Amino acid sequence: MLEKMFHLKENRTDVKTEIVAGLTTFMTMAYIIALNPNLLTGFDVGSPLWNGVFMATCIASAIGMFVMAFAANKPFAMAPGMGLNSFFAVVVANIVSITGLSYLESFQAALVIILVEGIVFLILSLLNVREKIVDAIPLGVRLGIAPAIGLMLMNIGLGSNAGVGSASQFYVMRDFFGSLTAGLASSTMGEDYPAMVLTVVTMFIGLFVIVILAQKGVKGAVILGMLAASVINWAGQAIFLGTNPFAALTDSSFLPPVKDMAETTLFHFNFSGFVQIGWFTVITLVVTFCIIDMFDTIGTLVGTASRAGMLDKEGKMPQMKQALMADAVGTVVGSVTGTSTVTTFVESASGVEAGGRTGLTALTTGVLFLLCMFISPIAAVIPAAATSSALIYVGVLMLTGLKNVHFDDICEMVPVALMLISMPISGSIGHAIGIGLIAYTVIKLFTGKAKDVSVLTYVLSIVFLVKFFLVA
């Protein structure tokens, strides 16, 4: 049945590999289940709105992944997009100041914006407009997306999760390798220093285990490395820090807060508050959400598919329309249940690297997201540093895509170089693609090769220029 549904043999994979890949993807992105409601509610953990957003995160992500699995048969996972959820929280705060509504009422008004965005995406996907936009991205720019995502993954792993990129933990790194006594840093950082050291050690051990197992051809190297890193971290917390790494299992309820979602976010659209925002502001917000989401999704799909060998000779991915439909459906469901824009997650690359090639990987991750309505505390005990190990490893592998870039062609090299710099710095795939498109268009235009640029590419470049300079 699964073979007929997902064409496993045709994609040179099997059930075990796909399930392991789905579990790997889940472990690298499980953080979003708690982080998303934290960001959208101001860390008001346990409040009715927090519980509603928590439920919406699990449900909308899962439904988006089910569409990805059955309609597109692709291994990509979905969830409320990072960056977009922070932007949504800012929008809610602005609505509060503009209208004088409560935070909950403003939140429900902002959900209308997400609903409109999702419907727009559904229409554009059905009309193949989004697919044409993908085709309008020059091949050279497309070839640079995967390596740029690789650098962003490494930045996330080293900075956001492992903390190596921060100034304080840079000193941890310096002292860890330069002096086992770690005198200066430990004296200035006090009681936080042991936890920082444990984080760095966990990340490196997990990374080395993954690399060694992968080099030996062991299947599931990524997830085994993450498990090894988790065990080290748990032991370190218990022995050296004196904390209970499994506190979440005893302090949290395993019952899904369905009632809270029904009372706060489920079909709770505040249309009157939406009207009070002002039509110009609403249109600006919808366009902004659409641009960011569209190119984040396109970049993730193209970049990850490139690494998995899913692109044809022209750099196109089969079933792209269906894959783009999945995030549109996820976004609509997210607005209905109570969360910000659902998009394809860059952490999908970890599952692809673990061997995921079909929708069974996405299905597995989606089921695990649904189960988290009951077992969210279990997902909470996965250390961020263990996730870092996988993200850094996958990021390094995605850098190999640079070998396909024609560095002797300045028209191709400069856009790719700018993407490599801007993506990890901005943290946005869409913004980096926009910079790459603008650079490509400007260079072609002023080197006598204007005819090489398609009309739609010119339009996209102008749209991004307007976005960058007029819609901050």
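Quick one: dipole size for the chain, taken about the Cα centre, charges +1 on Lys/Arg Cβ and -1 on Asp/Glu Cβ, in debye to the nearest 20.
1020
Between the alpha-carbon centres of the stretch 400-472 and the stretch 334-396 there is a gap of 29 Å. What helices does the chain hold that run 20 Å or longer along their axis, going by alpha-carbon atoms, with a Kyte-Doolittle average of 1.0 or more, using DSSP H for the helix calls? Membrane-span-like by this rule: 48-67, 84-99, 103-126, 139-155, 193-215, 221-236, 279-307, 359-380, 384-398, 410-426, 429-445, 455-470.
Sorting the segments 52-61, 292-301, 272-281 by their mean number of nearby beta carbons within 10 angstrom, highest to lowest, gives 52-61, 292-301, 272-281. When both the stretch 65-111 and the stretch 220-290 are represented by their alpha-carbon centers, they are found 12 Å apart. Going from the residue with the fewest nearby Cβ atoms within 10 Å to the one with the most, F76, F107, F208, F469 rank F469, F208, F107, F76. Available extension along the chain between D135 and N94 is 11.1 nm, counting 0.36 nm per residue and deducting the alpha carbon span.
For the peptides 426-434, 338-346, the ranking by mean Cβ contacts within 10 Å, running from highest to lowest, is 338-346, 426-434. Extending 7 Å from the Cα toward the beta-carbon at both L266 and T400 defines two label points whose distance is 4.6 nm. So if we plug the beta-carbon distance of T243 and L445 into 1/(1 + (r/R0)^6) with R0 = 60 Å, what FRET efficiency do we get, rounded to 0.05? Efficiency computed from Cβ-Cβ geometry: 0.55. A simple spin-label model places pseudo-atoms 7 Å from Cα toward Cβ; at V258 and V231 they are separated by 3.8 nm. All other residues whose Cβ lies under 14 angstrom from that of E10 are scored, Lys and Arg at +1 and Asp and Glu at -1, for a net of +2.
Mind ranking 66-75, 309-318 by how tightly packed they are, going by the mean number of other C-beta atoms within 10 angstrom, highest first? Walk me through the numbers before you get to the answer.
Numbers: 66-75: 24.5, 309-318: 14.1.
Sorting 66-75, 309-318 by mean packing, highest first, produces 66-75, 309-318.
Calculated [222 nm] ellipticity per residue, helices only, for the chain: -23000 deg cm²/dmol; basis is -39500 (n - 2.57) per DSSP H run with n ≥ 4, divided by all residues, nearest 500. Using C-alpha pairs below 8 Å separated by at least 6 residues, the relative contact order for the chain is 36 percent. Each Lys and Arg adds +1 at its Cβ and each Asp and Glu adds -1 at its Cβ; summed about the Cα centre, the stretch 1-132 shows a dipole of about 360 debye. Extension gain, I123-K16: 0.36 nm per intervening residue step, less the Cα-Cα distance, totals 34.9 nm.
Under 13 Å from the Cβ of L445, count the other residues' Cβ atoms, weight Lys and Arg +1, Asp and Glu -1, and hand me the total.
For residues surrounding L445, the net value is +2.
Read the figures in this text as sums done on the coordinates, not as results from a lab. Note that the structure is a prediction, hence the values are computed from the model and not measured. Positions of Cβ are backbone-derived with ideal geometry, glycine not excepted, and every protein chain shown enters the neighbour counts.
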